[in-house]
1. Of the residues 174, 136, which is within 19 Å of residue 109 (Cβ to Cβ), in contact with a strand residue (DSSP E or B) (Cβ under 7 Å, 6 or more places away or on another chain) and surrounded by 24 or more Cβ atoms within 10 Å (Cβ to Cβ)?
2. Among the residues of the stretch 101-114 satisfying the criterion of being open to solvent by 10 Å² or more (accessible area, probe 1.4 Å) and assigned to a helix (DSSP H, G or I), which is nearest to residue 88 (Cα to Cα)?
3. Specify the residue that is farthest from the chain's Cα centre (by Cα); the eligible residues are those in the stretch 342-377 that are within 22 Å of residue 300 (Cβ to Cβ) and open to solvent by less than 10 Å² (accessible area, probe 1.4 Å).
4. Give me the pairs: first residue in the stretch 275-291 and in contact (Cβ under 8 Å) with a residue 40 or more places away in the chain, second residue assigned to a helix (DSSP H, G or I) and open to solvent by less than 90 Å² (accessible area, probe 1.4 Å), beta-carbon distance under 6 Å, and six or more apart or on different chains, which are they?
5. Quick test for you: out of 335, 350, 377, 361, pick the one residue that is farther than 21 Å from residue 100 by Cβ and charged (D, E, K, R).
6. With the checklist (1) under 25 Å from the mean Cα position of the chain (by Cα); (2) closer than 19 Å to residue 81 by Cβ in hand, flag the one item residue 312 doesn't pass.
7. Six or more apart or on different chains, Cβ atoms under 7 Å: show the pairs whose first residue is in the stretch 300-318 and more than 15 Å from residue 258 (Cβ to Cβ) and whose second is open to solvent by less than 40 Å² (accessible area, probe 1.4 Å) and among the β-branched types (Val, Ile, Thr).
8. Mind checking which residues of the stretch 187-210 are surrounded by 16 or more Cβ atoms within 10 Å (Cβ to Cβ) and assigned to a loop (DSSP other than H, G, I, E, B)?
Amino acid sequence: MSTRRFSMTRGKSAMAVVNPVKSKSSFLNVRSYLLGSSMSSGALLGQDELERYFPDRRMTIFVGTWNMHGEKDLPEKIDDFLLPECCEYVQDMYVMGFQEGTPSRREWEIRMQETLGPTHVLFYSGTYGVLHVCVFIRRDLIWFCSVAEEDTVSTRAFSQIKTKGGLAVSFNFFGTSFLFINSHFTSGDNKAKERIADYSKICEAINLPKVIPVNQHSTDPSSEEPKKSAWKWSPKNKQKKPSKKVAAVSPTSGKSDDCTSRFDCVFWFGDMNFRLDHERSKVEELIKHGHKSDYRELVAHDQLTNFMKKEEAFVGFKENQIRFPPTYKFDLNTDHYDTSPKLRVPSYTDRVLYKCKKPGDITALNYSNVPSIKISDHRPVYAVFEVKIRPGRDTIPLAAGQFDREVYIEANRRRAMQVNVERKQSRICSIM
């Protein structure tokens with residue numbers, strides 16, 4: 001875990017101030033951001049700079065997903081979503097994915113920025129139809145990000161209807177390449193095969209990276225592990241055969257056909273619409289007693305979990321253990337599952353999955369839902385991870401510290417106004 005952390009107070013957004021980083025005059029004298037060497041003491045993305053911010057070379061990433069049901073009205077407070085009780089500290093990076101997103105997108109981004117406070121900035125924001133992805137990062141880390149690249153895929157028969165599909169964003173942080181995919185799969189109880197087809201199409205169609213090279217790791221021997229061969233030995237013919245998990249490479253582009261195999265760390269999240277293959281009455285009974293078994297009996301009927309076990313979808317991906325009730329489908333503004341004539345079976349449609357090239361590079365810390373936000377028929381879901389970061393090379397196009405200043409200024413203006421209101425109220429109470 002990084003030693004530089006920002007504490008937060010429960011019930012209020014983080015009010016942390018970025019601590020000044022002590023500098024060495026000798027280091028500054030030799031510092032050069034134009035050098036392409038990752039081992040140079042003057043390299044911006046090199047190991048010296050990385051270990052100043054992350055001595056253990058690990059950062060924390062918060063990934064959230066929520067089908068907002070296209071609601072114009074936004075929740076007044078989202079502390080339970082972005083600053084849950086299970087997290088003692090504000091995370092280094094927040095990646096938020098929304099499906100059927102609100103038409104008040106700008107206002108929604110300002111509210112998220114307001115909740116996180118001045119320690120973080122909106123590094124990336126993108127939309128595709130009603131899909132929406134935001135990336136907030138610690139303000140002092142913005143200099144170590146490459147330019148963000150995005151790509152989109154529609155899984156609808158007519159691409160003009162942009163309600164189902166995927167929105168992906170990729171970038172490098174120091175020498176580690178990241179891919180984040182927000183998706184919304186085909187709905188329907190009997191549409192499991194269509195959902196697998198959606199997954200396959202997104203894997204093959206996402207064209208990332210476009211410009212940013214992903215193999216920009218440091219040559220520092222201490223940061224690398226021995227490479228394992230992707231080939232398996234066959235004693236029958238004494239020849240090496242490729243493992244079935246090795247992704248095919250396109251002869252034209254030179255890239256793997258599976259976009260998720262090109263990056264060090266991949267996070268795939270969204271409304272995947274996989275259902276529980278069980279009768280509703282039995283599912284409701286298991287929900288009542290689910291906490292006693294950590295919902296294991298319920299998850300045993302989950303389509304996605306079983307497809308992943310059989311390697312029919314999301315090959316190589318992992319998911320932290322589900323210890324919360326199904327997040328779909330609720331009557332709006334209630335805790336009651338669907339009471340419409342359709343009586344849909346409660347299901348775990350909203351998920352966060354992860355994948356890394358090297359075992360142990362991603363550690364899942366928390367995985368939960370947000371029962372307090374009820375304006376949609378879905379409950380928000382979030383996951384927190386610890387990720388290993390490697391030094392990089394200064395030969396990639398950097399974002400040059402760019403972020404959405406308009407969102408930042410407006411959000412913190414509102415925070416300042418709220419602080420003034422609270423101070424006035426406290427003075428009135430003390431006088432009375």
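The values are calculated or read from the model by the stated rules, or taken from the named source; none is laboratory data. Here the structure is a predicted model, which means the values were calculated and not measured. Backbone-built Cβ (ideal geometry, glycine too); neighbour counts: all protein chains shown. To get the accessible areas, we keep the full protein, side chains included, count just its heavy atoms, and leave off ligands, DNA and RNA. Shrake-Rupley method; radii C 1.70, N 1.55, O 1.52, S 1.80 Å.
1. Matching residue, one of 174, 136: 136.
2. That would be 114.
3. So the residue we want is 346.
4. Taking only residues 6 or more apart or on different chains, the pairs are 275/303; 276/283.
5. None of the other options fit; the residue is 361.
6. Among (1) under 25 Å from the mean Cα position of the chain (by Cα); (2) closer than 19 Å to residue 81 by Cβ, the lone unmet condition for residue 312 is (2).
7. Short answer, once both residue conditions are applied: 305/299; 307/196.
8. Of everything in the stretch 187-210, those that are surrounded by 16 or more Cβ atoms within 10 Å (Cβ to Cβ) and assigned to a loop (DSSP other than H, G, I, E, B) turn out to be 187, 191, 206, 208, 209.
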